[in-house]
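The values are calculated or read from the model by the stated rules, or taken from the named source; none is laboratory data. Keep in mind it's a predicted model, so treat the numbers as computed, not measured. Every residue, glycine as well, gets a Cβ built from its backbone with ideal geometry; the counts of neighbours run over all protein chains shown.
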């Protein structure tokens, strides 16, 4: 998604595109088993610049309760929601951005 009014849009690195571009980013949690896989949670990544701009947030319909969180922190939040709901998990995979995050690795 491109533009300047869509929630979270800014010039940022997109792993899907493999370059910096004007886009929105999402963090997704999927579950996989021998029977298949499915997406079970998702969150829009809201860059710090967006979180620090109340007028822009209001215009995009982003409530004050939404706080800045890194993508690895969002991933952990979603994983904890799934585990708290009783979702079984024996292992976790993630891309290198998450693997480089020591808090993410420690919390796992």
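The C-beta contact set for segment 62-81 (first residue at negative phi and in contact (Cβ under 8 Å) with a residue 40 or more places away in the chain, second residue in a helix (DSSP H, G or I) and surrounded by 18 or more Cβ atoms within 10 Å (Cβ to Cβ), distance under 7 angstrom, 6+ apart or interchain) comprises 75/98; 75/104. Among the residues of segment 1-53, those identified as touching a helix residue (DSSP H, G or I) at 6+ places or on another chain (Cβ under 8 Å), more than 18 Å from residue 74 (Cα to Cα) and not in a strand (DSSP E or B) are 5, 6. Each residue in segment 33-53 was checked for being under 25 Å from residue 89 (Cα atoms) and surrounded by 11 or more Cβ atoms within 10 Å (Cβ to Cβ), and 6 pass. Tell me which residues, restricted to segment 15-34, are over 16 Å from the mean Cα position of the chain (by Cα) and more than 25 Å from residue 82 (Cβ to Cβ). Residues satisfying the conditions are 17, 18, 19, 20, 21, 22. When residue 57 is tested against (1) over 20 Å from residue 14 (Cα atoms); (2) buried (at least 16 other Cβ atoms within 10 Å of the Cβ); (3) touching a residue at least 12 places away in the same chain (Cβ under 8 Å), only condition (3) is not met. Taken over segment 35-83, the criterion of being modelled with pLDDT under 95, over 19 Å from residue 23 (Cβ atoms) and within 15 Å of the chain's Cα centre (by Cα) is satisfied by 67 alone. Taken residue by residue, segment 76-88 has no member that is out of contact with any helix residue (DSSP H, G or I) (no Cβ under 9 Å at 6 or more places or on another chain) and closer than 19 Å to residue 10 by Cβ.
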